[in-house]
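Visitor: Let me begin by handing over the structure; questions about it come next.
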Amino acid sequence: MSDTVSEIDPARAWEMLEADPQAVLIDVRTAAEWQFVGTPRSPAGDPLLIEWNTWPDGAHNPRFVDEVRERVRPAQTVLLLCRSGARSRAAAAALGEAGFTACHNVSAGFEGGLDDDGHRGGGWKDTLPWWQT
């Protein structure tokens with residue numbers, strides 16, 4: 001993993017987005033997840049929705065870094081979010097390797113990890129603003 005990636009929890013992500021109006025939240029989940037599970041709100045404006053893996057085939061999005069570059073400057077603070085933190089960690093590392101200098105993985109993700117009963121919790125959706133279409 002690139003040394004430009006840090007792990008932060010959702011509350012810290014919110015604080016960073018509030019403190020830096022140029023910071024960007026990127027939700028790397030699939031279009032189906034955005035539609036059926038919901039999408040985070042951000043104090044820095046609407047998050048960017050850029051799939052790390054494509055829907056419906058689940059293949060890696062080979063244009064991910066290019067799509068981010070089209071909308072974000074490499075020096076901007078970038079916070080990445082997926083369901084539980086795994087895809088966004090990989091996406092943050094890829095951006096770091098591509099020259100982005102301040103990438104942060106929201107390690108709990110949007111829904112959080114699984115508990116002993118197989119239910120997700122502890123993510124963005126539990127305590128921070130979000131919407132569902």
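Visitor: Please arrange Asp57, Asp9 by how many other C-beta atoms lie within 10 Å of their C-beta, fewest to most.
Guide: Exposure proxy ranking, most exposed first: Asp57, Asp9.
Visitor: For the range 76-88, take each phi angle, set θ = phi - 60°, evaluate the Karplus expression 6.51 cos²θ - 1.76 cosθ + 1.60, and give the result in whole Hz per residue in order, putting x for glycine and proline.
Guide: 5, 6, 10, 10, 10, 9, 9, 5, 10, x, 7, 5, 5
Visitor: Within the range 37-133, which trypsin sites (Lys or Arg not before Pro) sit in a loop by DSSP and count at most 13 neighbouring Cβ atoms inside 10 Å?
Guide: Those that pass, being in a loop and sparsely packed, are Arg63, Arg71.
Visitor: Also: Amide H to amide H, which residues 5 or more places from Leu25 or on other chains are under 5 Å from it, using H placed in the peptide plane?
Guide: Under 5 Å from the amide H of Leu25 lie the amide H atoms of Leu48, Leu79, each far enough along the sequence or on another chain.
Visitor: Cut-off is 10 Å between beta-carbons; in what order do Asp46, Asp116 appear when sorted fewest neighbours first?
Guide: Ascending number of Cβ neighbours within 10 Å: Asp116, Asp46.
Visitor: For the range 37-47, take each phi angle, set θ = phi - 60°, evaluate the Karplus expression 6.51 cos²θ - 1.76 cosθ + 1.60, and give the result in whole Hz per residue in order, putting x for glycine and proline.
Guide: 9, x, 9, x, 9, 9, x, 9, x, 4, x
Visitor: Once phi is turned into θ = phi - 60°, what whole-Hz ³J(HN,Hα) does the Karplus curve with 6.51, -1.76 and 1.60 give for every residue of the range 24-31, x standing for Gly and Pro?
Guide: My calculation for the range 24-31 gives 10, 9, 10, 8, 9, 5, 8, 4 Hz in order.
Visitor: Another question about this same structure. Please identify which residues in the range 18-38 have an amide N closer than 19 Å to a label point set 7 Å out from the Cα of Arg71, following the Cα→Cβ vector.
Guide: Within reach of a label on Arg71, which here means backbone N under 19 Å from a point 7 Å along Cα→Cβ, the range 18-38 contributes 18, 20-38.
Visitor: What Kirkwood hydrodynamic radius do you get for the range 5-127 when you take the inverse of the mean 1/r over all pairs of distinct Cα atoms, in Å?
Guide: Result for the range 5-127 stands at 14.2 Å.
Any read-out appearing in this document is the output of simple, stated calculations on the displayed coordinates, not a laboratory observation. Predicted, not measured: the structure shown is a model, and the values here were computed from it. Reconstructed Cβ throughout: ideal geometry from the backbone, glycine too, with neighbour counts over all protein chains shown.
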